[in-house]
1. Distance cut-off 29 Å, Cα to Cα: go down the list LYS227/LYS291; LYS58/LYS330; LYS217/LYS317; LYS162/LYS217; LYS58/LYS217 and report the pairs above it.
2. With θ taken as phi - 60° and the coefficients 6.51, -1.76 and 1.60, list the Karplus ³J(HN,Hα) couplings across region 241-246 in order, rounded to whole Hz; mark glycine and proline as x.
3. Compute the FRET efficiency between ARG171 and THR392 as 1/(1 + (r/R0)^6), taking r as their Cβ-Cβ distance and R0 = 51 Å, and round to the nearest 0.05.
4. Could you sort 271-280, 211-220, 375-384, 359-368 so that the peptide with the highest average Cβ count within 10 Å comes first and the rest follow in order?
5. Check which residues have an amide H placed less than 5 Å from VAL7's amide H, if you skip close sequence neighbours.
6. Using only alpha carbon positions, build the gyration tensor of region 321-361, then give the equivalent ellipsoid semi-axes as the square roots of 5 times its eigenvalues, largest first, whole angstrom.
7. Can you run phi through the Karplus equation (6.51, -1.76, 1.60; θ = phi - 60°) for region 411-426 and list ³J(HN,Hα) in whole Hz, with x for Gly and Pro?
8. Pull out a ≥ b ≥ c, the square roots of the eigenvalues of the alpha-carbon gyration tensor of region 288-349, then state rounded if a/c is under 1.5, prolate if not and a/b is larger than b/c, and oblate in the remaining case.
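Values quoted throughout were computed directly from the atomic coordinates according to the rules given, and no laboratory measurement underlies them. Keep in mind that what you see is a predicted model, and the values were worked out from it rather than measured. Here the Cβ is made from the backbone with ideal geometry for all residues, glycine too, and neighbour counts use every protein chain on show.
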Amino acid sequence: MALVEMVMPKMGESIMEGTILSWLKKVGDTIEQDESVLEVATDKVDTEVPSTHAGVLKEILANEGDVVEVGKPIAVISTDGADVPAPVKPEAEVVEKAEALVAEAVEAHSASAPTSAPVLEKPTSGRFYSPLVLNIAREEGIPMAELEALPGTGKEGRVTKKDILAFVKTRKSNGAPAPVATPAASNGAAPSKPASQPVAVSFSGEDEIIEMDRMRKMIAERMVASKQTSPHVTSFVEADVTTVVKWRGKHKKAFMEREGQALTFTPIFIEAVVNAIRDYPMINVQVDGNKIIKKGSINVGMAVALPTGNLIVPVIKNADQLSLKGIALKVNDLARRGRDNKLTPDDLSGGTYTVSNVGSFGNVMGTPIIMQPQVGILALGAIVKKPSVIETPEGDLIGIRHKMFLSHSYDHRVVDGALGGMFVRRVADYLEKFDPERAI
């Protein structure tokens, strides 16, 4: 007889917690090792978590909607299948842990919560609320009295994410009043930053209201946060990629026959970016307060458009250690798994610089937003045929060339115009000096 605790696994660099979306197994079910038991959402991706042992699921310790720290127990598995009750924690310990989590959630968000959101009191009933539920209640202006009266469908009557979202929907349809602004502090001190005022939105019978999905909300939050964190500056360079276009046209059929995959322009562009980062390593940095962290690895993120219209950024780890063929295979693998929703949290973490191919949508240039905590991102414009002046020993000629714009957005806190401009110019140089005789 053996009882084993299944814990919230580490799902990538810097990921410290996950939100339980759904349990795929119920108590009493037999599970195999590596069989998916639950679905977890992190701030990067949703993923299924496999079982660490084979046996019987004896107890579920965390409900759907709960936010659980990495390493904390989420279930108990009986590895021999015997009907043995799982160890029960003393009630006092449960209450103490619940109070600590509630206090931590209130304290963590008191400084960042908007002034229009009411501060939630501690529950008088000793009932446990996950940090996620408390966050939703605070943002929606639901006082603790209403939260205490809300029936829960979770274990021991806990309020789950589904419970509170359903309550919010019903509350709004019944015309519940908007949250009332918190009075100013009694000492009369002015707030350090003015609270953002909501903008009135009008609706008509012809309008369609579409709820943002989880990923869209996450993207919106991160884009706003990046703009508030980094003063963005963008430098532009037009590159002559005629040699690259001809080289790819010469090799793409053989590459498809040999590898069974397409040879796109993206790996060629990423290789040029990696070479330029080697030349200008202060582009490959991150900002931590007043410190600049110079990254030891070159991990290039590549923005991938999903069928849903959302965007995801998988990362090519140690791109500087890969050949052009290796980069091409990695690009195709990440893009395919991104579109099939099969990326892991580790695929999305650790990026030190990012490229975004806006040219795939027919755009000639763009001003991309930096992926924090990185300090630079390069937009690759569409390749367009243009008449151009060609210098020859016999004199200048007009010819048709393949041109594209490179748009480099960078964090002006640590990257000045000289560095930002020289970097994108160097990327263009590597593309323009591409060896037409190289093999792949």
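1. Violating the 29 Å limit, Cα to Cα: LYS58/LYS330; LYS58/LYS217.
2. Values, residue by residue: 10, 4, 4, 4, 4, 5 Hz.
3. E between ARG171 and THR392, to the nearest 0.05, is 0.10.
4. Per-residue mean Cβ counts within 10 Å order the peptides as 375-384, 271-280, 359-368, 211-220.
5. Hits under the 5 Å cutoff: ILE74.
6. In descending order, the three semi-axes are 16, 15, 13 Å.
7. Computed from phi, the couplings for region 411-426 are 7, 6, 5, 10, 10, 7, x, 5, 5, x, x, 5, 5, 5, 5, 5 Hz.
8. Since a/c reaches 1.5 but b/c is at least a/b, the shape of region 288-349 is classed as oblate.
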